[in-house]
Amino acid sequence: MPRFTEPVVRAAAAAEQDLYTYVNRADSRSGLPELSLDELIAEINRCADLPLEEGEPLPAQAYTSQEFFDWEVENVFKPEWYCLAHVSQIPEIGDFLNLDVFGDPVIVTRDKSNEIQVLSRVCPHRGMDIMPPGFGHDGHGPAEPKQGKNGCGNTRLFLCPYHSWTFELDGQLKACPEMQLAKNFKRSDVSLTSFRSEVWNGFIFVNLDGKAPRTVAEQYETLGEHLQKWSLANMQVVVEREWDCPFNWKVLTENFMESYHHAGAHSKTLQPMMPARDTWNEEERPHYIRCHLPFKEALRNEILDTESKGGQWDVFPPVEGLEGEDRFEWGLFLGYPIFTFLVTPDAAVWYRIQPLGPNRLKLLTTVLAPKSTIERPNYPEMLEEMSKQAVDFHLEDMEVCCAVQRGMYAAGHQRGFLSHLEMSIWQIQRYLAARSRGTWPTCDRPAAPSQKR
Ligand code: FES
Ligand SMILES: [Fe+2]
């Protein structure tokens, strides 16, 4: 009896086919002037040179062109650090996650020495992806709690199903049948390809080309200082939702990082708490963006009042040790290029964005909580409420992101204008422009000042 049924195999094959059909259709745009790749990059540099007051959105082609997406993969994503997972998603030895990162199938795993490994899933024998998606292998999709612990899969060894070669958790080839006559073959010299990786504040990063000039810790040093109070390494991912998204990665990161849209998309949810007009960006930095979303005065008073009566205003209790403004605002971060992150007084939110093409990405939305919260007796009820909340406001963002991507293909599309509340969008442009010159924002032009009034 085969391990999977014919309908499962058909469905997996059709899903791949659908993807290519969609990409091809969407890539043939009509009615819009086509820029060459060089012209598009020159246009991004022109936008980046404008003062924020004169800022313009990028041309639609930056969100629709396969050629530009391929440029981004080679010049932005592969040379930089990409966040794959949080350590709490693979807490035990042998836990692993499967991900496809810019065309590379990878395993993120915890080996026998408790070290995190980021390995290629491509078998060194004849090149099979040893756990292809859609064929019932563990380790794909959001981590389901298994026997009381998180982790997409758990194993002692990795097995290539093709000719049964097996690999240790650190990728070393352990066994391979019928290879004794192969000349030039030495088992101990063979392993799954290992990618350069680093754990920073509990987050696991990979650098695909292995040539990033700085470690994550160096690159995000001051970012880490902002986040210290949340002790992210000791938090746990407690909510995970996976989304298949028909839009460009910049549509999502721009939406994540500007809060002007509280006034529209979140007019009933976030705007009453954190009005768009009060949000502001810190000064420009070479490797990340940081924005502040302060609570309304009336809300601050409500929180203080609730707490003075022994109550709890947020869904979770406040993160221990937080004080001052951190208790009364949300903080948004974009670690370039795509480490999207939010801290709140009671939790942290991390979005893993996997760009798959100019108009497609896979998104994992997560919420992280401190251990002290998880140990509370009423944690299950709090978690239920938090899971609901996290989805509710993401649904509002899904609508606008889908609809913005749709607009990018329209003959009636216009370039538009930026508000000062969209400083993050302008900063992302400056980041892309800098990468086109092989540098980073502020390294070869003055940093834009803080918007704090
Ligand atoms: S391709 Fe993996 S064992 Fe042959
Ligand atoms: Fe939003």
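Coordinate-derived values only; no laboratory data. All of these numbers come straight from a predicted model, not from anything done at the bench. Note that each Cβ is placed from the backbone with ideal geometry, even for glycine, and that neighbours are counted across all protein chains shown.
Within a Cβ distance under 13 Å of Leu395, other residues only, what is the Lys/Arg minus Asp/Glu net charge?
With Lys, Arg at +1 and Asp, Glu at -1, the net is -1.
Going by average Cβ neighbours within 10 Å, how do the peptides 379-392, 289-302 rank, with the highest at the top?
The most tightly packed comes first, giving 289-302, 379-392.
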CD proxy at 222 nm, helix term only [per DSSP H run n ≥ 4: -39500 (n - 2.57); per residue of the chain; nearest 500]: -8500 deg cm²/dmol
Cβ-defined net charge surrounding Pro57, 13 Å radius [Lys, Arg +1; Asp, Glu -1]: -3
Under 5 Å, built H, 5+ apart or other chain: amide partners of His86: Ile204
Relative intensity, log₁₀ I(q)/I(0), of the chain from a Debye sum that treats every alpha carbon as a point, q = 0.09 Å⁻¹: -0.63
Electrostatic dipole magnitude of the chain [Cβ: Lys, Arg +1; Asp, Glu -1; Cα centre; debye, to 20]: 1060 debye
Cβ-based exposure ranking for Tyr260, Tyr431, in which fewest neighbours within 10 Å come first: Tyr260, Tyr431
Farthest toward positive dipole pole in region 197-343 [+1 Lys/Arg, -1 Asp/Glu at C-beta], among Asn301, Ala276, Gly311: Ala276
Using θ = phi - 60° and Karplus 6.51 cos²θ - 1.76 cosθ + 1.60, couplings along region 275-290 (whole Hz; Gly, Pro as x): x, 3, 5, 8, 7, 8, 9, 6, 4, 5, 10, x, 10, 7, 10, 10
Cα long-axis angle, helix 379-408 against the chain (0 to 90 degrees, to the nearest 10): 80 degrees
For region 49-73 versus region 287-323, the gap between their alpha-carbon centres in whole angstrom: 36 Å
Separation in nanometres of the label points that stand 7 Å from Cα toward Cβ, at Asn378 and Glu92: 3.1 nm
For region 253-281 and region 197-226, distance of Cα centres in Å: 29 Å
Partnerless Cys - the chain, beta-carbon criterion under 4.7 Å: Cys47, Cys83, Cys152, Cys176, Cys245, Cys291, Cys401, Cys402, Cys443
Percent of alpha-carbon pairs separated by more than 22 Å within region 82-198: 30 percent
